[in-house]
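Structure record follows, encoded as structure tokens.
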Amino acid sequence: MTPPSRRRRLLALLATLAAALIITPLGIAAASADDNDASDTTAEAPVAQAAPPALHVCGTTLCDPSGNEVQLRGMSTHGLQWYSQCVNDASLDALAYDWGADVVRLSMYIQEGGYETDPAGFTSRMHNLIEEVTERGQYVIVDWHMLSPGDPNYNLERAKTFFTEIAAAHGDKGNVFYEVANEPNGVSWSSIKSYHEQIIPVIRAQDPDGVILLGTPDWSSLGLSGSTNEQEVISNQVNASNIMYTFHFYAASHDDYYLNGLSRAADQIPMFVTEFGTQQYTGDGPNDFAMSQRYLDLMEDKGISWVNWNYSDDHRSGAVFDTGTCPGGPFTGTSNLKDAGEWIRARIQEG
Ligand code: IDC
């Protein structure tokens, strides 16, 4: 497979240079600065970048407008109700220009102090962050982080209100992915599927072309953490186009049984790993980088896009920054990174 991340970054660079030429001649000099220099503690964007090219689902992967396969790599925020202080201008600049991430997942919990407590406030925060990520030339995943209760139908009316507003405001940008159910759990695939088939048309009414990411049974494990497997979804697929199914794994907990399930599924249905950790499913404990690398190799081989959990300074081992890094940083370089952070930054930079 061609290296799509590198190609995408080239496109973004061209867009930057084009923008610099149009906006101000002074921007040209600024735009030639080396954005990847780890000693650069500001990682400032010289000019606002254009949104990257709109992607669509082609076969089992994502493609750019010319039909070339694209694999995205990036990071998820922690819950915005808890770790907003880790999502500011400097940290977003670091993720875009020092780490070189293609995609940012904005994780908005619904319960646990999230959206349900202040729909207008969270929607407004999401609007602003989508603009911020887009200005940095990246893709954005709007993550409806339902978790407990595990039945997505519990939040269906809220989801309709939220996604109508978000898709109406940002659908024309072309860089927005809608992740409509983070991790359904304790509920059957037929109930989850019914939720998906109700929320998809609501988004499509505002944004006919956006890629929609669909949660799968048992914490988006394709049923592997429960009593089924990927075959349940494969043999009873959601009736819509331009959709992908999500798979989440934590490498120190989820062994070959899960890796093989993802591999089999990815041969038949479009998969997007919207969340994974190099440690245990608690997002904590020791890292298993060997198993993580096997997953990364598989995902590269099959063109599966991925997002790592999480870009915060939570005390757990899976939060990339040392506690106390937010909000002041510095976020560039490796001085404030935990082991998982150093490892994943290097993997994203390789892309
Ligand atoms: C964890 C957070 C933790 C929080 C907990 C419950 O790191 O601070 O208390 O959620 O909200 C997931 C979930 C994700 C979890 C993560 C790690 O999508 O919300 O974050 N995880 O446990 N699925 C598998 C692991």
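The values are calculated or read from the model by the stated rules, or taken from the named source; none is laboratory data. The shown structure was predicted, so the numbers you read here are calculated from the model rather than taken from an experiment. Cβ: placed from backbone, ideal geometry, glycine included. Neighbour counts: every protein chain shown.
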Task: Residue in the range 105-119 that is closer than 20 Å to residue 170 by Cα, away from the ligand (no atom under 16 Å from the Cβ) and surrounded by fewer than 24 Cβ atoms within 10 Å (Cβ to Cβ) present - done: yes
Open item on the list: If I go through the range 122-137 residue by residue, how many of them are under 14 Å from residue 81 (Cβ atoms) and either among the hydrophobic types (A, V, I, L, M, F, W, C) or surrounded by 20 or more Cβ atoms within 10 Å (Cβ to Cβ) (or both)?
Closed with: 3
- [ ] Only helices (runs of 4 or more DSSP H) wholly contained in the range 1-108 count here; list those with 2 or more residues that are at pLDDT 50 or above.
- [x] 80-83, 89-93
- [ ] Select from the range 238-276 the residues that are among the acidic types (Asp, Glu) and touching a residue at least 60 places away in the same chain (Cβ under 8 Å) and write down the one among them that is nearest to the ligand (Cβ to nearest atom).
- [x] 275
TODO: Out of the residues in the range 278-297 that are more than 12 Å from the ligand (Cβ to nearest atom) and charged (D, E, K, R), state the one that is surrounded by the fewest Cβ atoms within 10 Å (Cβ to Cβ).
DONE: 297
Task: Residues of the range 53-77 satisfying the condition of being among the β-branched types (Val, Ile, Thr) and surrounded by fewer than 24 Cβ atoms within 10 Å (Cβ to Cβ) - done: 57, 60, 61, 70
TODO: Please determine, by comparing only the residues of the range 229-241 that are buried (at least 17 other Cβ atoms within 10 Å of the Cβ) and part of a loop (DSSP other than H, G, I, E, B), which one is farthest from the chain's Cα centre (by Cα).
DONE: 229
TODO: Quick one: which residue in 211, 233, 202 is under 16 Å from residue 180 (Cβ atoms) and either touching a Lys or Arg at 6+ places or on another chain (Cβ under 8 Å) or at pLDDT below 95 (or both)?
DONE: 202
Open item on the list: Being part of a loop (DSSP other than H, G, I, E, B) and either farther than 16 Å from residue 271 by Cβ or more than 21 Å from the chain's Cα centre (by Cα) (or both) is the filter here; which residues of the range 242-254 pass it?
Closed with: 251, 252, 253
TODO: Give the residues of the range 115-153 that are free of Cβ contacts under 8 Å to residues at least 60 places away in the same chain and among the basic types (Lys, Arg), sorted by residue number.
DONE: 125
Task: Number of the exception - residue 300 against (1) surrounded by fewer than 21 Cβ atoms within 10 Å (Cβ to Cβ); (2) part of a loop (DSSP other than H, G, I, E, B); (3) within 18 Å of the chain's Cα centre (by Cα) - done: (2)
Open item on the list: Being within 14 Å of the ligand (Cβ to nearest atom) and more than 20 Å from residue 322 (Cβ to Cβ) is the filter here; which residues of the range 80-104 pass it?
Closed with: 80, 81
TODO: Hey, can you tell me all the residues within the range 299-321 that are more than 16 Å from the ligand (Cβ to nearest atom) and at negative phi?
DONE: 299, 300, 301, 302, 304, 305
Task: Per-region count, the range 177-192, residues over 17 Å from the mean Cα position of the chain (by Cα), aliphatic (A, V, I, L, M) and under 25 Å from residue 206 (Cα atoms) - done: 1
